[in-house]
Amino acid sequence: RRGFLVGGGAVAGGATVALAGAALGADPGRPATPPEDAVGRATVPFRGLHQAGVRTPPQAAATLVAVDLAEGTGPADLARLLRVWTEDAERLTAGAPALGDTEPELAAVPANLTVTVGLGPGAFDRIGMAGRRPDWLAPLPAFGIDRLEQRWSGGDLVAQVCADDALTVAHAVRTLLKQARPFGSLRWVQHGFRNSAGSLPGGFTQRNLMGQVDGTVQPVDGAEDDLVWIGDDGPGWLRGGTGMVVRRIAMHLDTWDELDRPAKERVIGRRLATGAPLTGSEEQHPADLTAVGPDGLPVIDPASHIGRAAPLDRRERMLRRPYHYDVPPPPGQLSDSGQVFISFQADVRTQFVPVQQRLAEVDLLNRWTTPIGSAVFAVLPGSLRESTWGRCSWRA
Ligand code: HEM
């Protein structure tokens, strides 16, 4: 009984793990690990130049948690928390229980788990190192379409936890949050989902809750890495990291339903059935925004979502990795659904902001979507070999 009462300490927790492991081993009827070929068994490497969970093909389930650091938190405290998070994430993503894991059996299903960690603008003020904050790491400018709610906005620290199993995500999130308890408080939690692993062929672009193929135009892996990862022009401690924008965007599905298909296709500029641009027949065909139809009108409406979002130059391209949300609606409403829009880009100010500004000025889609949350984070570089997130030289 004592083993279950002690939660945090590594020694006491370690004893709990050993006991639980022994109990598992004693019951051959309930194997601790999924079969070799199961999705549950799959892992994404934790160590690398970059953190996993950015370029990783999006897993089925995601939970994002934002934490506010407690008053009096110093650089060494933050480094300690990040060190513990590194250790936990490395173990959990490999399918091993965290140190002091109170539910070690849940760790036996890594299911492509990734943990991606970033710092928000306020973290630097909180630890007394405002001078180290990169200029772009600031709340986004206010956009005319925003109806932001504090409960979905801001945060000193973020952990994006994704896996192909929602139970795995829940366990990892709880483990990380228990570690964070002495250092701060939970600001917001956002759950998101996509198609289950195996539902769609590999590499197939998913659909969002409006039924659109969403995620077609992305920076090319390898050839356009400079658009995603912070390079030599960024601060040394962030090289290999990236800028992360999280926007909670409500979808007004009840009125969206009232549109016929041609109208829905005009709003986006792409076909619903295939995701092809209105000027092409296949999803990957480049959209021709200059094409004019027999009636003399542009084939893709310049006010359509892709007409406005298309980059004016390559420096505006970003990696979009959105998740859907669909939560119980308030009384009298049929749904409360939308997108946890997540984008990764080397420079939020020159990539995300101009595109969002254009969309805020004109975008046919705006009638059916409303941004209700907004946050920006600097995703730390990956941890190589023994290194931990907390050893980044932002402390030096
Ligand atoms: C493209 C949906 C919000 C930036 C698209 C496409 C869809 C879509 C269906 C076409 C297929 C594709 O390339 O993925 C949505 C929905 C949104 C939303 C439903 C909100 C609920 C945003 C936001 C931004 C954005 C907030 C950035 C500020 C883009 C970009 C493209 C795009 C850059 C590619 C444009 C191109 O070059 O063709 N979006 N989007 N979207 N979206 Fe969004």
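The values are calculated or read from the model by the stated rules, or taken from the named source; none is laboratory data. Owing to the predicted nature of the structure, the values given are computational and were not obtained by experimental measurement. Positions of Cβ are generated from backbone atoms using ideal geometry, with glycine treated the same way; all protein chains shown enter the neighbour counts. For accessibility, only protein heavy atoms count, side chains too; no ligands or nucleic acids. Shrake-Rupley method; radii C 1.70, N 1.55, O 1.52, S 1.80 Å.
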Write out, first by first residue and then by second, each pair whose Cβ atoms fall under 7 Å of each other, whose residues are 6+ apart or on separate chains, and whose first residue, in region 344-357, is of a type outside the set (D, E, K, R) while the second is assigned to a loop (DSSP other than H, G, I, E, B) and more than 10 Å from the ligand (Cβ to nearest atom). F344/V54; F344/R321; A346/W229; A346/I230; A346/G231; V348/W136; V353/P141
Hey, any hits in region 214-227 for a residue that's part of a loop (DSSP other than H, G, I, E, B) and closer than 19 Å to Y325 by Cβ? yes
Is it the case that W229 is in contact with a Gly (Cβ under 9 Å, 6 or more places away or on another chain) and surrounded by 18 or more Cβ atoms within 10 Å (Cβ to Cβ)? yes
Taking region 236-250 as the search range and keeping residues that are in a loop (DSSP other than H, G, I, E, B) and farther than 28 Å from F143 by Cα, which one is nearest to the chain's Cα centre (by Cα)? G240
Using beta carbons and a limit of 6 Å, which pairs, at least six apart or on different chains, have the first residue in region 187-213 and over 30 Å from D156 (Cβ atoms) and the second one away from the ligand (no atom under 16 Å from the Cβ) and not aromatic (F, W, Y)? S196/A60; A197/V39; A197/A60; A197/D164
Taking the condition open to solvent by 10 Å² or more (accessible area, probe 1.4 Å) and modelled with pLDDT of 95 or more, does R2 pass? no
Candidates S337, S343, S304, S281, filtered to the one that is more than 14 Å from L209 (Cα to Cα), small (G, A, S) and touching a strand residue (DSSP E or B) at 6+ places or on another chain (Cβ under 6 Å): S343
Checking R349 against (1) under 19 Å from the mean Cα position of the chain (by Cα); (2) more than 14 Å from the ligand (Cβ to nearest atom); (3) more than 25 Å from Q59 (Cα to Cα), which single condition isn't satisfied? (2)
Which numbered condition in (1) surrounded by 14 or more Cβ atoms within 10 Å (Cβ to Cβ); (2) within 23 Å of the chain's Cα centre (by Cα); (3) over 30 Å from V189 (Cα atoms) is the only one that A223 fails? (1)
Which residues, taken from region 169-198, are open to solvent by 50 Å² or more (accessible area, probe 1.4 Å), modelled with pLDDT of 95 or more and over 23 Å from E71 (Cβ atoms)? A170, R174, H191, F193, N195, S196
F377 vs. criteria away from the ligand (no atom under 13 Å from the Cβ), modelled with pLDDT of 95 or more and closer than 27 Å to Q51 by Cα: yes
Only one of D260, D233 is away from the ligand (no atom under 11 Å from the Cβ), among the charged types (D, E, K, R) and under 22 Å from F344 (Cβ atoms). Can you tell me which? D233
Restricted to region 263-277 and to residues being more than 11 Å from the ligand (Cβ to nearest atom) and without any contact (Cβ under 8 Å) to a residue 60 or more places away in the chain, the residue farthest from the chain's Cα centre (by Cα) is A263
Exception for A166 within (1) open to solvent by less than 30 Å² (accessible area, probe 1.4 Å); (2) within 15 Å of the chain's Cα centre (by Cα) falls at (1)
